[in-house]
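Asks: Would you mind keeping the following structure in view while I ask a few things?
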Amino acid sequence: MSRNIGQRSKKARREWIQIDALSCGTGWDEKDLTKPQILIEDVFGASHPGSYHLNGLAEEASIGVFQEGGRPANFHGTDLCDGWAMLHDGMNYILPSREILCDLVEVHGRVIPWDGVVLISSCDKSVPAHLMAAARLNIPAIHIPGGSNRIGPRMSHSVLVGETATQMRQGKDVSRQVRDYTLTACPGFGACQFMGTASTMQCMSEALGMTLPGAALTPASLFDIRRTARRTGEQVMARFNQRTDPFASHCPSARNPCRRSALRPHQSGDPLSG
């Protein structure tokens, strides 16, 4: 249980009582007002499979916070997949979306003086956005990677490659194969199934010490990822009680393990060029 060693919002709440009224207007009670207040920030939305399931992980993280004596609040700001933007001018907005999402999380985290934050994301732009926001906020923080999707039939995945893609570009009739791809390439929820930027960023988050051990390798479809999310809610309360720096390893020496992580075979090099 929380020792409540110093709620960051206490002074602001005492001097501007509307803060408590606003909280009570979202379902809080009087006991909640004095508990450590934890922001649960996710990118849940119907924007792509990598974010479609994250509300479930946010619910588990909230339970973990409750169990350890805190009061969670769920905030959202969905991300976008590069796949939506291919071959049209939408691609001009994909990279800026990372900075916008980071700014949004910082706004959520600074307007209200939270005691800690849990960040939940899966993909190319949302994971680095959340890590940058954690560094800016400088409060106890943990990241929950959203995991990867299940593999499709015959080891297919979310990007159409190989012989079928070549034949389609040559104008050959591959309508049956394309239909198979359309219906099975993303058989569930989670990030892309290969070691692209999304999975690489999840691994780098763990390399930075921003996740629980093993969290970057948990498939999105397993119940284990929900248990990890609940433990994360518990752990952010422990970090609050210990007043742990969100990036205990966020120093020049932390760059080396992250670079090694990104440069391992079969991982994306995009994080090194961002």
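FYI, it's all coordinate maths here, none of it is from the lab. Please read all numbers here as calculations on a predicted model, not as lab measurements. Because the Cβ atoms are built from the backbone with ideal geometry, glycine has one as well, and the counts that use them run over all protein chains shown.
Asks: Multiply the residue gap between N138 and K172 by 0.36 nm, knock off their C-alpha separation, and tell me the result in nm, one decimal place.
Replies: Answer, rounded to one decimal: 6.7 nm.
Asks: To continue, here is another question. Lys pairs in the stretch 1-138, Cα-Cα under 20 Å, at least 8 apart or on separate chains: how many?
Replies: 4
Asks: Taking Cα pairs under 8 Å and at least six residues apart, what relative contact order does the stretch 1-102 come out at, in percent?
Replies: Working: 109 pairs, mean separation 26.3, N = 102.
Once normalised by length, the contact order is 26 percent.
Asks: If you take the square roots of the eigenvalues of the alpha-carbon gyration tensor of the stretch 66-157 and sort them as a ≥ b ≥ c, do you get rounded (a/c under 1.5), prolate (a/b over b/c) or oblate? Please list the in-between numbers first.
Replies: Numbers: a/c = 3.02, a/b = 1.49, b/c = 2.02.
In terms of gyration-tensor shape, oblate.
Asks: Pull out a ≥ b ≥ c, the square roots of the eigenvalues of the alpha-carbon gyration tensor of the stretch 175-219, then state rounded if a/c is under 1.5, prolate if not and a/b is larger than b/c, and oblate in the remaining case. Please list the in-between numbers first.
Replies: On the way: a/c = 5.52, a/b = 3.06, b/c = 1.80.
The shape class here is prolate.
Asks: For n ≥ 4 DSSP H runs only, could you compute -39500 (n - 2.57) per run for the chain, divide by its residues and tell me the 222 nm figure to the nearest 500?
Replies: That comes out to -13500 deg cm²/dmol.
Asks: OK, next. What number, in percent, do you get for the relative contact order of the chain if the mean sequence gap of Cα pairs under 8 Å and at least 6 apart is divided by its residue count?
Replies: With pairs under 8 Å counted, the relative contact order is 22 percent.
Asks: Over the stretch 40-153, what relative contact order in percent results from Cα pairs under 8 Å that are six or more residues apart?
Replies: Relative contact order here is 30 percent.
Asks: How would you order 216-229, 18-31, 57-70, 173-186 from highest to lowest mean count of nearby Cβ atoms within 10 Å?
Replies: Ranking the peptides 216-229, 18-31, 57-70, 173-186 by packing returns 57-70, 216-229, 173-186, 18-31.
Asks: Another question about this same structure. To the nearest 20 Debye, how big is the dipole of the stretch 50-101 about its Cα centre, given +1 on the beta carbon of each Lys and Arg and -1 on that of each Asp and Glu?
Replies: That gives the stretch 50-101 a dipole magnitude of about 100 debye.
Asks: Taking a temperature of 20 °C and a viscosity of 1.002 mPa s, what whole-number D in µm²/s does Stokes-Einstein yield for the stretch 16-83 with Rh from Kirkwood over alpha carbon pairs? Please report the intermediate quantities before stating the final value.
Replies: On the way: Rh = 13.3 Å.
In µm²/s, the coefficient rounds to 161.
Asks: In addition: Suppose R0 equals 41 Å; then what is the FRET efficiency for F223 and E15 from their Cβ-Cβ distance, rounded to the nearest 0.05?
Replies: 0.35
Asks: By average Cβ neighbour count within 10 Å, what is the ranking of 113-126, 73-86 from highest down?
Replies: Taking the mean over residues of other Cβ atoms within 10 Å, the ranking is 113-126, 73-86.
Asks: In addition: Return the whole-Å distance between the Cα centroid of the stretch 136-189 and the Cα centroid of the stretch 39-69.
Replies: Using only Cα atoms, the two centres lie 23 Å from each other.
Asks: So what's the Cα pair-distance distribution over the stretch 95-217, bin width 10 Å, in %?
Replies: That works out to 13, 34, 26, 17, 8, 2, in percent per bin.
Asks: Which three numbers, in whole Å and largest first, are the semi-axes of the equivalent ellipsoid of the chain derived from its Cα gyration tensor as √(5λ)?
Replies: 37, 19, 17
Asks: If you place +1 on the Cβ of every Lys and Arg, -1 on the Cβ of every Asp and Glu, and leave all else neutral, what size is the dipole of the stretch 125-209 about its Cα centre, to the nearest 20 Debye?
Replies: Details: 8 positive and 4 negative charges, 35 e Å.
It comes to approximately 160 debye.
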